[in-house]
Protein chains: 2
Amino acid sequence: VSAAAAVVSLVGAGPGDPDLLTVRAVRRLREAEVILHDRLLDPAVLDLARPDAVRIDVGKGPGESWTQERINALLVEHGRAGRRVVRLKGGDPFLFGRGREEVDALVAAGLAWEVVPGVSSALAGPAAMGVPVTHRRVAATVTVVTCSRAAGEADPDWDALARLGGTIVVLMGAAARAEVGRRLVAGGLSPEVPVAAVTNASRPDQRVVHGRLADLGSLPIEAPAVIVVGEVARYAACAAEAAALAAA
Amino acid sequence: VSAAAAVVSLVGAGPGDPDLLTVRAVRRLREAEVILHDRLLDPAVLDLARPDAVRIDVGKGPGESWTQERINALLVEHGRAGRRVVRLKGGDPFLFGRGREEVDALVAAGLAWEVVPGVSSALAGPAAMGVPVTHRRVAATVTVVTCSRAAGEADPDWDALARLGGTIVVLMGAAARAEVGRRLVAGGLSPEVPVAAVTNASRPDQRVVHGRLADLGSLPIEAPAVIVVGEVARYAACAAEAAALAAA
């Protein structure tokens, strides 16, 4: 879908820092007449938009009444009115977050759409700890899961995940970390496998915690966090580097 | 690692289109005195750098003599000389591509470093086909593998991967696609599972191919391709959308 033709752009906002938006994402924000956005970590992202752009917080947090259907309907309404609409989503629009359901609504309405991919926190979070999600000697695969389950959503197959091993990146997993650890160990993953977690990645208040899978439930991990399970998590334990990262 | 302190920046160049670099990546490129880059898909990315920046192609393609050790040594050499060095890597620096090995060399040399995460083709490739890598009703996990094996690299556990299912994104898999299909079916994944592949994603010559896992080996997929195995691949089969994407 070409830039000129697209009425509704699903735009990845990246992990939070406005510096990690793509060039295209910044351009779409500056062009937008209407912006429907998630509850973002950094308000500076929205500051990139025109002062007169209509900003609508459709964050689906606790106590909020925005359903996916209502978001879809609003996207279609503004798209039909011919407005340049940006649906701004944390991370990447098509990695969790129900982006394709929004596209389905646009397609059903006959509206032009595009996806502007973004930097996922599944990569940026580990990177902020110095943790690569793959490493040729220790991790040939990386699997991303989320502990945020929408209604009707299937639970990941934790047994199969434990058997696959490699690197497992858990999004939205701070509250459920004890259960994640228990299920992976029950599935056969060694309790000694290193784990690491980052809260507020790349921000001044970034915190890194590390340990082993057996202790995941008792590690002091605060939301919103990205948790890495696998041998690559050892890199977060390098004290000198962690200190340098924290001082940045 | 702060921007000011970092001597060597590992920068994700994204999937190819310069529009999909992050704002920080563009800034680092403009500041760089020395750029060590992979063999990029789009030379327009390098055009963002200063005209007088030293550009060194360290692409490790067939017939090339650049070893990882030589790249590491050159990063250290330029870093020690106090030059602003950018190591420009396709996609994200820490998803395949041996980025952490380069960081290890910098750490051993006592040099400051940073990682600027990028948009991975593992997300941008599927998105260019309209394929979300997760979907709440059909895929709760996404696993990324590569068929490009460096020396000493472990092979993914294809049996465990087949058992996990969800979405499997295969990078650098065009040449090995018959073997990938055979191993996943041998591991228990249904031969009827949809597959889709995109070559030259988001470029004027983008090509999308789709079918079922049983036929993966005989589908006309050209390198460099991103292959998606899993129910979400059905989205690539929507003819109207595919046509719209192709015309973009």
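Observations on the model:
- Relative to the Cα centre, the charge distribution of chain B, modelled as +1 at Lys and Arg Cβ and -1 at Asp and Glu Cβ, gives a dipole magnitude of about 300 debye.
- Across the identical copies, the label point of B:Gly187 (7 Å from Cα in the Cβ direction) is separated from its matches by 1.3 nm, in order from shortest.
- Using a Gaussian network model of chain B in which every pair of alpha carbons under 10 angstrom is joined by a spring, one finds that among B:Ile227, B:Ile35, B:Ile56 the greatest mean-square fluctuation is at B:Ile56.
- Minimum Cβ-to-axis distance in chain B for the rotation onto chain A, with residue, whole Å: B:Thr143, 2
- Placing a label point 7 Å from Cα along the Cα-to-Cβ direction at A:Arg70 gives distances to the equivalent points in the other copies of 6.1 nm, listed shortest first.
- Shortest-first distances to equivalent copies, position B:Arg203, nm, label 7 Å out along Cβ: 3.8
- Calculated [θ] (222 nm, deg cm²/dmol) that DSSP helices of n ≥ 4 give over chain B, each run adding -39,500 (n - 2.57): -7500 deg cm²/dmol
- Cα gyration tensor, the stretch B:123-178 - rounded (a/c under 1.5), prolate or oblate: oblate
- Gained length - B:Glu33 relative to B:Arg207, 0.36 nm times residue gap less alpha-carbon distance: 59.0 nm
- Taking B:Ala49, B:Ala225, B:Ala140 in turn, the Gaussian network model of chain B (Cα-Cα springs below 10 Å) assigns the largest fluctuation to B:Ala140.
- Extent along principal axes [Cα atoms of chain A; Å; largest to smallest]: 57, 40, 37
- When Rg and the Kirkwood Rh are both derived from Cα coordinates, the Rg/Rh ratio for the protein assembly as shown amounts to 0.94.
- Solvent-accessible area buried by A and B, counting both chains, probe 1.4 angstrom, square angstrom: 5300 Å²
- About the Cα centre, charge dipole magnitude for the stretch B:192-238 (Lys/Arg +1, Asp/Glu -1 at Cβ), debye: 100 debye
- When the protein assembly as shown is described by a simple charge dipole with +1 on each Lys and Arg Cβ and -1 on each Asp and Glu Cβ, the residue from B:Gly97, B:Gly82, A:Ala112 located farthest towards its positive end is B:Gly82.
The values are calculated or read from the model by the stated rules, or taken from the named source; none is laboratory data. Predicted model only: the values in this text are computed from it and were never measured. Glycine also receives a Cβ, built like all others from the backbone with ideal geometry; neighbour counts cover every protein chain displayed. What goes into the accessible areas is simple: the full protein's heavy atoms, side chains included, and nothing from ligands, DNA or RNA. Shrake-Rupley method; radii C 1.70, N 1.55, O 1.52, S 1.80 Å.
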